[in-house]
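Shown next, in C-alpha cells, is the structure this report addresses.
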Amino acid sequence: MRPSERLDRIPPYLFAGLEKKIAEKKAAGIDVISLGIGDPDTPTPPVVVEALQSAVNDPGTHQYPSNRGRPEFREAIARFYDRRFGVTLDPDTEVIPAIGAKECIFNLNLAFLDPGTAALAADPGYPVYTGGPLLVGAEPVLMPLLPEGGFAPDLDAIPEADRERARLMFLNYPNNPTGAVAPDGLFERAVEFAGANDILMVHDASYTETTYDGYVAPSFLETPGSKDVGVEVFSLSKGYNMTGWRTAAIVGNAEALEHYWRLKTNIDSGNFDAVQLAAVAALDRADSAVREMSIVYKRRRDLVCDALGEIGVDVEPPRGTIYVWAPVPEGYDSASYCEHVLEESAVVVSPGSAFGPNGEGFFRISLTVADERLAEAVERLRSRGQHDRGGPDLSYP
Ligand code: MLT
C-alpha cells in the first residue's frame, strides 16, 4: 500500500490524537474528564429533533438531495441573516448548504488554491486553516494572533510576496481557540486588504451565537463591501448543539459560491434533505434555546476562570466561544503541561501549540461538559496546581 505524499505534509488531526489518548485512559479504568474538543454536551433543541423526525417520515427526503440545497433551507438562512445581522442574502445565489464548516473550509482550499499559492491563516487557529492548504499542495502563511494585539492579525505586517501568492484569508471571530471577539475596525481593514490584493476573505462564523456579558457578535457580512471580496461560513454545530448533524452554510459572494459549488458537485452529494428541514426549524424557532446555552456556558466560564485564578493562572474571561484560553503555569510548555494534567489529574485539555506556533505557552479548556464534571475537573486542576506550588500531594486518582 502506498499512501499519498500529501498525507505526510500534515500532523495527525489534533482531536483524533486526543480521542485516542482518552480511549486508552478509559480502557485502563481511569475516570478521565475531557475538556479537549469543543463538542456541546447538551442535546439538540427538541424543536429541531421533532422537525427531523417528521421530515424523515416523508419518503420525499430519502433520495439524493440537490447540491444547491433545498429552497426552504436557503430561505431560512436568508431570513436568519436578515433578522439576526440585518444582512440581505439572495437565497438563490448567495447561500449554499455545507456538510459542516470543516467540509466547507477544506473544500474552499481545493477550489481556490494551486501549488505555488497560499492561504493566510490565523496562528493560533482552527487546524483546518493550515492543514487544508497543505493537503492541496499550497502553503499556509501564518498571521500571528497575539494577546497584545487583541488576538487580531496585523495585516500591514504581511509581506508583499505573501500578499501576491495568497488567494484566501481565513478569519474567525469570536475566535477559536483564543475566545477573542473581533476588534473594532478589523473587518473593515480585511475588506480593504482582500480587495487590494485580490484575495477571497473567508470568515468562519462558527461561534457568533455563543457570547457573554451583553456582547453580540457581528457577521463579517455586515461590513460594507464585504460581499465583493468575501464569504462567511455559518455553522449550526456549536450554537445549536448540532455538531453531529454536519450542517452549515456558505453565504456571501455569489461568484465564490459558484466555484465552491462546482467543486462540491464532484465530491459529495449534499446534505440529507431531512437534516436541511430540521435546520430550518433551528434557524426559525430555536433562538431561546441558543440564548439559554450562552447562559450555561457563561456559568461554566466563570467557574473555570475563578479556579484558574486560584492557582495563579490569570485569564481574561472570554466574551464569546465555548473555550477558555489560558497561559500554562510557570515551568511548563504547552505540551508538557497538558501531558502533566492528563497523567496527574486525568483531565484532558488542548495544548495551545497544536493550534500554531503562537499558541505555545497556552492551553485551551472547552466548556462542553456538564457542570458537575467541569467542577470536578477544575477541582482536580486546582488541587494539582496547589501541590505543584508546594502544597500537599493530592494527585489524582
Ligand atoms: C474544536 O476546536 O474543538 C473543533 O471545533 C473541533 C473540530 O471541529 O474539529
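The values are calculated or read from the model by the stated rules, or taken from the named source; none is laboratory data. Predicted, not measured: the structure shown is a model, and the values here were computed from it. No Cβ is skipped: glycine too gets one built from the backbone with ideal geometry, and neighbour counts run over all protein chains shown. The protein model used for the area step is the full one, side chains on, heavy atoms only, and it has no ligands, DNA or RNA in it. Shrake-Rupley method; radii C 1.70, N 1.55, O 1.52, S 1.80 Å.
General observations
- Distances between placed amide hydrogens fall under 5 Å for Asn172 paired with Asp204, all partners being 5 or more residues away or on another chain.
- Part-to-part distance (alpha-carbon centres) for region 320-335 and region 142-164, which is given in Å: 22
- Accessible area expressed per residue, the chain, with surrounding protein chains retained (probe 1.4 Å, Å²): 42
- For region 192-230 and region 5-41, distance of Cα centres in Å: 31
- Segment Asp31-Asp114, length gained on full extension (0.36 nm per residue, minus Cα span): 25.3 nm
- Whether the chain is rounded, prolate or oblate, judged on the alpha carbon gyration tensor where a/c under 1.5 counts as rounded: prolate
- Gyration tensor verdict on region 237-315 (Cα atoms; rounded if a/c is under 1.5, prolate if a/b is larger than b/c, oblate otherwise): prolate
- Cross-link pairs Lys238/Lys264; Lys238/Lys298; Lys102/Lys298 - those with Cα-Cα distance over 19 Å: Lys238/Lys264; Lys102/Lys298
- Pairwise inverse Cα distances across region 1-40, averaged and inverted, put the Kirkwood hydrodynamic radius at 12.2 Å.
- To put it simply, the accessible area of region 1-140 at a 1.4 Å probe is 55 percent carbon and sulfur.
- Modelled label positions at Glu19 and Arg299, each set 7 Å beyond Cα in the direction of Cβ, lie 3.0 nm from each other.
- Selection among Phe85, His62, His259 by position relative to the dipole of the chain gives His62 as farthest towards the positive end (Cβ unit charges, Cα centre).
- Close amide-amide hydrogen proximity is noted between Phe363 and Ala326, Val328, Gly352, each under 5 Å apart and 5 or more residues distant or on a separate chain (H modeled in the peptide plane; Pro and chain starts excluded).
- Overall, the chain carries a charge dipole of about 880 debye about its Cα centre when +1 sits on the Cβ of Lys and Arg and -1 on the Cβ of Asp and Glu, all other atoms neutral.
- For region 178-260, applying the loop criterion from DSSP together with a ceiling of 14 other beta carbons within 10 Å to the chymotrypsin sites (Phe, Trp or Tyr not before Pro) yields Tyr215.
- Computed lengthening from His387 to Arg79, 0.36 nm per intervening residue step minus Cα-Cα distance: 105.5 nm
- List Ser269, Ser350, ordered by accessible area with a 1.4 Å probe, largest first: Ser269, Ser350
- Only Cα pairs under 8 Å and 6+ residues apart enter the sum, and on that basis the relative contact order of region 63-286 stands at 27 percent.
- CD proxy at 222 nm, helix term only [per DSSP H run n ≥ 4: -39500 (n - 2.57); per residue of the chain; nearest 500]: -13000 deg cm²/dmol
- With one equal scatterer per alpha carbon and no solvent term, the Debye-computed log10 I(q)/I(0) for region 63-286 at 0.11, 0.17 1/Å reads -0.49, -1.24.
- Normalised by the number of residues in the chain, the mean separation of alpha-carbon contacts (under 8 Å, six or more apart) gives a relative contact order of 22 percent.
- Translational diffusion coefficient (Stokes-Einstein; Kirkwood radius from C-alpha pairs) of region 321-397 at 25 °C, 0.890 mPa s, in µm²/s: 193
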